[in-house]
Amino acid sequence: VQLVESGGGLVQPGGSLRLSCAASGFTFSINTMRWYRQAPGKQRELVAAISSGGGTLNYADSVKGRFTISRDNTKNTMYLQMNSLKPEDTAVYYCNVKLLVLNYWGQGTQVTVSS
């Protein structure tokens, strides 16, 4: 299993970023995928989740209305469109899949929101 995140960077408050997660080594199209984030000194938290077919989406209250999770099962890739970014969105963002009882993580991509 391999999960590779990309798209992070430095952005000003109010700006946008689009994260990508390229997946391989498992059947992407039949698995729920998730984005997590971890800010310095804080626990890792669930940001958003998307069902296998993309029909069910879930978001943390803190990002509702600003972030959009999506996936392309033909490309084995998941996305997180982040708009109206705030300094409190600063964190390392991780792609996640749970297969049976095991959680798999990518290496993470840093998002920094600062003026």
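The values are calculated or read from the model by the stated rules, or taken from the named source; none is laboratory data. Since this is a predicted model, take the numbers as computed values, not measurements. No Cβ is skipped: glycine too gets one built from the backbone with ideal geometry, and neighbour counts run over all protein chains shown. Surface areas here come from the heavy atoms of the whole protein model, side chains and all, with no ligands, DNA or RNA. Shrake-Rupley method; radii C 1.70, N 1.55, O 1.52, S 1.80 Å.
Observations on the model:
- Inter-probe distance in nm under a simple model that places probes 7 Å from Cα toward Cβ, at Thr27 and Ser6: 2.7 nm
- The distance between label points at Gln107 and Lys75 comes to 2.1 nm (points 7 Å beyond Cα on the Cα→Cβ vector).
- Placing dummy labels 7 Å off each Cα toward the beta-carbon, the span from Lys42 to Leu100 is 3.4 nm.
- Partner aspartates and glutamates whose Cα lies under 17 Å from the Cα of Lys75, excluding those fewer than 8 positions away in the same chain, are identified as Glu5.
- The mean accessible area for residues of the range 1-49, using a 1.4 Å probe and ignoring ligands and nucleic acids, is 53 Å² per residue.
- Derived scalar couplings ³J(HN,Hα) [the range 40-45; Karplus, 6.51 cos²θ - 1.76 cosθ + 1.60; whole Hz; x for Gly, Pro]: x, x, 10, 6, 5, 10
- Working note: Karplus 6.51/-1.76/1.60 with θ = phi - 60° gives the range 104-115 the couplings 10, 10, x, 7, x, 9, 7, 10, 10, 10, 7, 8 Hz, where Gly and Pro are set to x.
- Taking the 1.4 Å solvent-accessible surface of the range 25-87 as the whole, the part contributed by carbon and sulfur is 44%.
- Candidate aspartates and glutamates - alpha carbon under 13 Å from Lys64, same-chain residues fewer than 8 apart omitted: Asp89
- For Thr27, the accessible area of its heavy atoms, probed at 1.4 Å with every protein chain present, is near 80 square angstrom.
- Near the amide H of Thr32, within less than 5 Å, lie the amide hydrogens of Ser52, all on another chain or at least 5 residues away, with H placed in the peptide plane.
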